[in-house]
Each structure stands twice: as structure tokens, then as C-alpha cells.
Amino acid sequence: MRILVVEDEPTLAAQLAECIKSVGYVVDVAHNGVDGHFMGETEPYDAIVLDIGLPQMDGITVLKKWRASGRTLPVLILTARDTWREKVAGIDAGADDYLTKPFHMEELLARLRALIRRAGGHASTEFVCGPLTLDTRSSRASVDGTALALTSHEYRVLAYLMHHLGEIVSRAELTEHIYAQDFDRDSNTVEVFIARLRKKLPPGLIETVRGLGYRLNKAQ
Amino acid sequence: MKIAFLRNSLRIRLLAGTLVWIVISMTVAGWGLGQLFHQHVEAQFDVELKNHLDQLTAQLILDEQNQTQVRLLPSDPRLNKPLSGLYWQIDRIAAAGEQPTKAVLRSRSLWDETLAVPADTPADGEIHQHRIEGPQAVALRIVERTVTIDTHSLRLIVAANESLMTGPIADFKGHLWLALGILGMGLTFAASMQVFVGLAPLRSMQDALGRVRHGDARNMEGTFPSEIMPLVNEFNTVLAQNAEVVERARTQAGNLAHALKTPLSVLSNAANVPEKRDDDLARLVTSQVDTVRKQVDYHLSRAQAAASVQVPGMRTAVEPVIQGLVRVMRRVHADRQIEIVLLPDPANLAFRGEEQDLQEMLGNLIDNASKWARSRIEIQVSDESGKFRVSIDDDGKGIAETERDHVLKRGVRADEQVPGTGLGLAISADLARMYGGDLVLAKSSLGGLQVSLILPAV
């Protein structure tokens, strides 16, 4: 899962990135509205955390532009002004949820998880595929109740596949969602992660659809 | 009270002033003109009598028998018509040792009556005037003179009914007062029209002000006479300044919130990293940051409302505000699958105050209901004579009757705060009271809490 954080205050932005990374998401940070808008427009994020008070272009405008160009991804807005006017304006501009500063990181993560889950049409924080269970709250995966030891990259690949259960996910899509923007990407490494995952998971769970990508086998 | 009202009404002052002046002018004019006419008619009357007297004097002779004779009788036909009101008579004044003779000669109009003239002997050439009672007890005005022919001393008298003079005068005075009365009424009507037309701009100024007070207009609109326009402009300037002050206060409060809260976020996050979370200092920072946030929210919302409560001309439609908030709740509490029903408000009620304050009050209440409801929230707006009521019902667990007062009073003192409980209800109740409204908690027919917000309507 790849998250964009748009926040102009450097310390808060760093704290947000740190915290979101710690639960297994990939994070990009933008420090002003214009950069944030461009990144949200061009990169395939799974959710965006957007501050309302931004330099160069305010958050509401950025959000409206995304929605106008057809971007439907979940957006969580952060407001410093704890007024309902701002919340109504945010929701009417297309936000999915809001959080008022100062907030607890746990609260932010819970909201973020809920948004991603809702965007995928899932009702629970636990994803199940046959014997495999993925708990997005604790960022853990287990097979038949036995916890799996996964690296952060392996977890990201597995989580993305689980969020798109039954869908074919291309190698390029996986790459975009498990690496941050400035990371030196190499799509071959995805194959390495898939191979390692296959060793840890029951056989046949991850299918390869020739020429298209990978899919988690629901029937398994 | 009534007299004060009369004294305080510009219209009545102007009208009364004009009316007094009209009455005085009419009275003086009526009396003066009457007097003038009276004098004029009297003079004319006397001249006529004297003419008759002169005519009589000129025609007076002594005949061969030494008897007094009038050679040619005066020509006025009234002198020949019995008791016509115009008479003459010649008396003989007694010489030494003689008896005076009354009515040696008289006009035919006297018939056999005699004019009883008071004893008087005008010197030769003098003409005297008297008033006497004549035939049929009618007041007569007479002129007389003494004429001496040879040894005969004669008293020549011409008399006329006074009514011949007073009749036309009374007639004239009647017509005069009627004309003056009509003129006075015309003037009064003209004066009231003038007052009405002249004061009409005041009326439209009052209407314009009323629209401002009712929130239908932001400032006084329309063109007014040049005497009133400066007043209107000044007033509009005051209104604009007021609105500007409120807007500035609001912006500054918002900026302060923004400036405070981002650092608070940083502080709270720094204290909340997993390695340090159980540290005493970290816990202290976390709890104090929370307190600061609540205090800032509480006092900011109060300061903002305090600024706008005093501004006239505010009007906020209630339903759109609720609709906006319901959109937020549906999105934010999407997981909880709560049905939020906004019952239609056919009266299109409006709040006499700032939109943001209404949003603040209702937002807190609807958010609370969304948190506590099990499956359903009903929101209804109703009219309450000069005020309106928004009731928010939920089917949650409600608040026990004994707790309700406490819930509303909570908030201002930091040590009373229960962790995890918002100040929403207390803030809303506070704002409502600043606007002269109220917040009432009751048991809902849905089973949970019913919160009613009562606020002044426009």
C-alpha cells in the first residue's frame, strides 16, 4: 500500500511518514500544495493524507482538482481549524474523512486503514484467503493461525494482493505500490519477493497469470 | 405616555405647529376684514343719510301762510312706502313762549308715527347722530340738524333702520368665515400632505433598517434625500466596520488555532512514539496537549461567537447547514451504517446569527448523536414563535436524567474533564445561551437521547 502525505510542517510530515511506514505502508511526502497535487495526479496511491493549510495551493483546492480529474482514491484531510465549516467544506470537496490537529497517530492509522479497506469494499480489518489471514491492524500474516515471518517488502506485496483478492495485479502495479517515488525501482525484484513469499505460503496460493501478472487464488 | 408620544412625533409636531399658525391667521384675518367691512358700510350708510338730510334742507321753504313746506320731496321710493325703514321728520323748535311742535312735516313712510328724538340742539351747520327706538320697536340710526328760516327754528331728522346696515354686514361676515374656514381646511390638508411627503423618506429609512435588522439585507439600500443620505451612509459604514471587525476576529482566531495546533501535533506525536509511550514525561505531555487543545477549542469558539452575537443583519437558513453536516456524518461514519433522517422543514426557518456558529452548535450535536446512535438519527426543525427548535433524536443508550445537568455544565474547568469525552454538548449549550437560546436534553421517542437546540429565528 502506498500513501501520499501532503503536509508543510517538516517535523509533522516526518513524524507522519515515520509512523505510517512503521505499519508496513510505503510513504511519499510532499511539502506544498502544488507538488502534492502533481504527485497525487500522476502516481498510483492507495490513500492520501492531506493537510488543509498548505503553501502555494491550499488543500481544498488540491482535493477539488483531483476529484475533478476523476481521482477516486480515499483522502483523509487534516485540519488545524477545528470548525465544522472547514469539515463541511472538506467533505463537500470530496474528502472521505477528517482529523483535527493535534491527533494521536493511532487514530490516524485507524482512519487510514478504514479508508483503504472501505475503498476496496472490505468490511473487516482482517483479510482471509483460504488458510491465509492478514491482519492490517497488527500488520501480521498467518497461515492456519501460525504467524509468518515476513520482511517489510514481502508484507507489502502480500498486503496489496490481499486487498485486491481475486484480481490480477501486474508486476508494474505491484512495483508502484510497494516502492516510494524516489526509490530506484527494478521490476525484477518483485519476482524475487513473489518467489520468497511462495516458499512461505501454502503452494498454489499465488498464481502467475502469464503475460498479465499475479493473482491470489481464492479457491485455495 | 400619550403626551410624550405627541411630543415625540415629528409628524404631529409639524402638523400642530402649522395648524396653530393657520388658526391664528384665519382668526385675525376674519376679525380684521369684518371690522374693515363694518366701518366701510357704516360710513356709506351715514353718507347716504346725510345726503337725504342735505336734500331735505335744500328743499325747505316757508310758504305765503308762513308755514314750513318742502318744495320737492326727496325722491327715494322708500320714503313713500309706509314703514319701509327710511324716514324723515321736521320738528319745530319752540321760540320764546311757544310750545314746540313735533313732526311739523314727515315722510309718508312714517305714516302717523312720530320719531321720539332725544333733546338736543345742534349748533347751526352741525350734524348730530343718535340711535333711537322707532316704530315697531326697531332700532333706528338718525342724523339731525337745526335749520333756521326767518324766525322759525326747525329740527330736520333723517332716520333709517339699523338692520339695513347690519344685515349686509352679518351676511358678509357669514360668507367671510365660510371662505376662511374652507381656506383653513385647504391649508391644513396641504400641510398634512407636505408633512406626509416630506417625512416619507424617514419611513423608507425605517423599512431599510428593518430589513437590516431582520437579516434580509447587509446594509441600508436605496436612495434617500440629500439631507438623510449622509446619515444612511454613516450607518452603512458602521455596519460594514462591524462585519469587518467580526471577520478579522474570526480570521485571527483561526490563525491562532492553526499556529497552535500544528506544534501541538508535533509535540504529542513526539511523546507518543512506542519506545517512550510509558515514560511519565511522555504521558504528562500527552495529557496536557489534550487539555490545551480542548481549552483552545472551547475559548476560541466562545470568542468567535461573542464577536458575532452583537452584529445586526445576520441571517442563516437552517436546513442547508444541517444538510451539509449530515453529508459529513454520512461520509465519516459510513462504517457504522446509521440512518440519518432529516425531516423536511416547510417553513424554511432561518437563524438570527452567523452561519459558522450554527454549524458549530449543530455539528457538535449531530456528531455526538452519530457516535452514540445504534442505527437511526432523526433531525427535525420546528417553529417556536420567534425562535426555532432543532431536535436531534438517536436510538443510543441515552443519558440518565440525573446526569444531564452535569453533562451540560462540564467543560470549562480542566480538572472536571473526563478523558475521551468531548466538550461538544457544553460548547453548544454555551453558544446557544450567548445567542439567547437554550439547549435541552430529554429522553427520545427512539429510545436514546433527544437534544433540542432552541435559537432565535429571523
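The values are calculated or read from the model by the stated rules, or taken from the named source; none is laboratory data. Quick caveat: nothing in here was measured; it's all calculated off a predicted structure. Every residue, glycine among them, receives a Cβ derived from its backbone with ideal geometry; neighbour counts consider all protein chains shown.
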Give the residues of segment A:1-49 that are among the charged types (D, E, K, R), closer than 19 Å to A:Ala114 by Cα and crowded, with 18+ Cβ neighbours inside 10 Å, sorted by residue number. A:Arg2, A:Asp46
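What do you reckon, is B:Asp357 within 24 Å of B:Ala426 (Cα to Cα), modelled with pLDDT under 85 and either of a type in the set (Val, Ile, Thr) or buried (at least 17 other Cβ atoms within 10 Å of the Cβ) (or both)? Step through it out loud before you land on a result.
Working: within 24 Å of B:Ala426 (Cα to Cα): yes; modelled with pLDDT under 85: no; either of a type in the set (Val, Ile, Thr) or buried (at least 17 other Cβ atoms within 10 Å of the Cβ) (or both): yes.
No, not satisfied.
Please find, within segment B:353-387, the residue that is nearest to the other protein chains (Cβ to nearest Cβ) out of those that are in a strand (DSSP E or B) and within 16 Å of B:Leu325 (Cβ to Cβ). Let's see the steps before the verdict.
Quick first cut of segment B:353-387, residues in a strand (DSSP E or B) only: B:376-384, B:387.
After this cut, where a residue has to be within 16 Å of B:Leu325 (Cβ to Cβ) as well, the list is B:377-381.
Details: B:Ile377: 16, B:Glu378: 20, B:Ile379: 15, B:Gln380: 19, B:Val381: 17 Å.
Looking at residues that are in a strand (DSSP E or B) and within 16 Å of B:Leu325 (Cβ to Cβ), I get B:Ile379.
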Can you tell me which residues in segment B:76-123 are farther than 22 Å from B:Leu62 by Cβ and free of Cβ contacts under 8 Å to residues at least 12 places away in the same chain? B:Pro77, B:Asp112, B:Ala119
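So which of B:Arg330, B:Arg302 ends up being of a type in the set (Lys, Arg) and without any contact (Cβ under 8 Å) to a residue 12 or more places away in the chain? Don't jump to the end; show me each part of the working.
Numbers: B:Arg302 fails: without any contact (Cβ under 8 Å) to a residue 12 or more places away in the chain.
When all the criteria are applied, what remains is B:Arg330.
Scan A:Ala147, A:Ala93 and give me the residue that is at pLDDT 85 or above and crowded, with 17+ Cβ neighbours inside 10 Å. Walk me through it before giving the result.
Values: A:Ala147 fails: crowded, with 17+ Cβ neighbours inside 10 Å.
None of the others qualify; the one that does is A:Ala93.
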Write out, first by first residue and then by second, each pair whose Cβ atoms fall under 6 Å of each other, whose residues are 6+ apart or on separate chains, and whose first residue, in segment B:441-458, is part of a loop (DSSP other than H, G, I, E, B) while the second is of a type in the set (Gly, Ala, Ser) and surrounded by 19 or more Cβ atoms within 10 Å (Cβ to Cβ). B:Gly448/B:Gly396; B:Gly448/B:Gly398; B:Val458/B:Ala350
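Consider segment A:86-105. How many of its residues are of a type in the set (D, E, K, R) and more than 8 Å from chain B (Cβ to nearest Cβ)? If you could, list the steps in order and put the result at the bottom.
In the first step, residues of segment A:86-105 are kept if they are of a type in the set (D, E, K, R); the result is A:86-87, A:92, A:96-97, A:101.
Within this subset, residues satisfying the condition of being more than 8 Å from chain B (Cβ to nearest Cβ) are A:86.
Here the count works out to 1.
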Could you check segment A:143-176 and list, in sequence order, the residues that are touching an Asp or Glu at 6+ places or on another chain (Cβ under 9 Å) and part of a helix (DSSP H, G or I)? A:Tyr160, A:Leu161, A:His163, A:Arg171, A:Thr175, A:Glu176
Filtered residues of segment B:330-345 (kept if out of contact with any Asp or Glu (no Cβ under 7 Å at 6 or more places or on another chain), within 9 Å of chain A (Cβ to nearest Cβ) and either in a loop (DSSP other than H, G, I, E, B) or not charged (D, E, K, R) (or both)): B:Ala334
A:Ile20 meets each of (1) outside any helix (DSSP H, G or I); (2) under 12 Å from the mean Cα position of the chain (by Cα) with one exception, condition (1)
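With A:Leu99, A:Leu132 as the choices, which residue is modelled with pLDDT of 85 or more and either touching a Lys or Arg at 6+ places or on another chain (Cβ under 8 Å) or among the hydroxyl-bearing types (Ser, Thr, Tyr) (or both)?
Numbers: A:Leu132 fails: either touching a Lys or Arg at 6+ places or on another chain (Cβ under 8 Å) or among the hydroxyl-bearing types (Ser, Thr, Tyr) (or both).
Within the list A:Leu99, A:Leu132, the selection yields A:Leu99.
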Scan segment A:121-142 and give yes if some residue there is within 14 Å of chain B (Cβ to nearest Cβ), surrounded by fewer than 18 Cβ atoms within 10 Å (Cβ to Cβ) and not in a loop (DSSP other than H, G, I, E, B), otherwise no. no
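Restricted to segment B:186-243, and to residues that are among the hydroxyl-bearing types (Ser, Thr, Tyr) and loosely packed, with under 14 Cβ neighbours inside 10 Å, which residue is farthest from the chain's Cα centre (by Cα)? Working first, answer last.
Filtering segment B:186-243 for residues among the hydroxyl-bearing types (Ser, Thr, Tyr) gives B:188, B:192, B:204, B:223, B:226, B:237.
With the extra rule that they be loosely packed, with under 14 Cβ neighbours inside 10 Å, the set shrinks to B:223, B:226, B:237.
On the way: B:Thr223: 21, B:Ser226: 21, B:Thr237: 27 Å.
That would be B:Thr237.
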Just to be sure I understand, how many residues within segment A:48-85 are on the phi < 0 side of the Ramachandran plot, more than 14 Å from every other protein chain (Cβ to nearest Cβ) and in a loop (DSSP other than H, G, I, E, B)? 4
Just to be sure I understand, how many residues within segment B:8-24 are without any contact (Cβ under 8 Å) to a residue 40 or more places away in the chain and either in a helix (DSSP H, G or I) or among the acidic types (Asp, Glu) (or both)? 8
Restricting attention to segment B:321-329, does a residue exist that is touching a Lys or Arg at 6+ places or on another chain (Cβ under 6 Å) and β-branched (Val, Ile, Thr)? yes
